[in-house]
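The values are calculated or read from the model by the stated rules, or taken from the named source; none is laboratory data. If you're wondering where the values come from, they're calculated on a predicted model, not measured in any experiment. Glycine also receives a Cβ, built like all others from the backbone with ideal geometry; neighbour counts cover every protein chain displayed.
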Amino acid sequence: MFVSGNGSNLQALIDAGMSIALVVSNRKSAYGLARAQTAGIPTLYFPLKPYSDRGQSREDYDRDLAREVSVIQPDLIVLAGWMHVLSTAFLNQFPNKVINLHPALPGAFPGMNAIERAYRAYQDGTITHTGVTVHHVVPEVDAGPVIVQDVVPILMDDTLEDLEARVHEIEHRLLVKAVQML
Ligand code: GRF
């Protein structure tokens, strides 16, 4: 499982009794690493900075990361809040095994701050609801064949925090479902 932040989705998989062999983070301060340690799951902190400092490319980083991860021969690699776009240097090592959680409907609001952008779009009258998607990973951000998706309603008096909480709750359920399916 790959995380960069809070790791509430990691927690959902832990709580659902999933067997997780390794938690990888590109951020040392990711709370997901602490969650993994508490659950007794091995962790790997793998930062990009040494690569950029040495003038190496993201592909170099991705290749080395793939090498580290391939040691455990994972059945599935779950990206949840992993803030690094993986290139084919990584993806080609794990065909059909890398999945991502996107806090919006397929094709909608790719990239950062998807929930906030959906909230603004609702206020502008452009959308009436948002959603959550779990999909296979391709080099394009938050795109790729959909595994499961669900609609998340937006209510008229929602604050951004209300919507975030609703999206996260559905994410936790949907991610467990996708991993169970696969
Ligand atoms: C989730 O909303 C996920 O969809 C997005 O980043 C967030 C990660 O949350 N890509 P957490 O770290 O699992 O709590």
Every pair of residues 6+ apart whose Cβ atoms lie under 9 Å, when the first sits in the stretch 102-124 and is assigned to a helix (DSSP H, G or I) while the second is at pLDDT below 95: Ala114/Asp142
Is it the case, given these coordinates, that Thr88 is within 22 Å of Val141 (Cα to Cα) and surrounded by fewer than 16 Cβ atoms within 10 Å (Cβ to Cβ)? yes
Yes or no: Ser8 within 14 Å of the ligand (Cβ to nearest atom) and of a type outside the set (A, V, I, L, M)? yes
So which residues in the stretch 87-108 are more than 11 Å from the ligand (Cβ to nearest atom) and either within 30 Å of Glu161 (Cβ to Cβ) or among the acidic types (Asp, Glu) (or both), if there are any at all? Ile99, Leu105, Pro106, Gly107, Ala108
Within the stretch 31-41, identify whether any single residue is out of contact with any helix residue (DSSP H, G or I) (no Cβ under 7 Å at 6 or more places or on another chain) and away from the ligand (no atom under 16 Å from the Cβ), and answer yes or no. yes
What number goes with the only condition from (1) away from the ligand (no atom under 16 Å from the Cβ); (2) farther than 14 Å from Met1 by Cβ; (3) in contact with a strand residue (DSSP E or B) (Cβ under 7 Å, 6 or more places away or on another chain) that Arg54 does not pass? (3)
Within the stretch 153-175, how many residues turn out to be touching a helix residue (DSSP H, G or I) at 6+ places or on another chain (Cβ under 6 Å) and either small (Gly, Ala, Ser) or more than 11 Å from the ligand (Cβ to nearest atom) (or both)? 3
The conditions are (1) within 14 Å of the ligand (Cβ to nearest atom); (2) buried (at least 19 other Cβ atoms within 10 Å of the Cβ); (3) at pLDDT 95 or above; (4) within 20 Å of Leu174 (Cβ to Cβ), and Ile127 fails exactly one of them. Which is it? (1)
Among residues of the stretch 139-182 being in contact with a Phe, Trp or Tyr (Cβ under 9 Å, 6 or more places away or on another chain) and either polar (S, T, N, Q) or within 30 Å of Ala89 (Cβ to Cβ) (or both), the residue surrounded by the fewest Cβ atoms within 10 Å (Cβ to Cβ) is Thr159
Kindly indicate whether any position in the stretch 45-61 is farther than 23 Å from Leu182 by Cβ, of a type in the set (A, V, I, L, M), in contact (Cβ under 8 Å) with a residue 12 or more places away in the chain and not in a loop (DSSP other than H, G, I, E, B). no
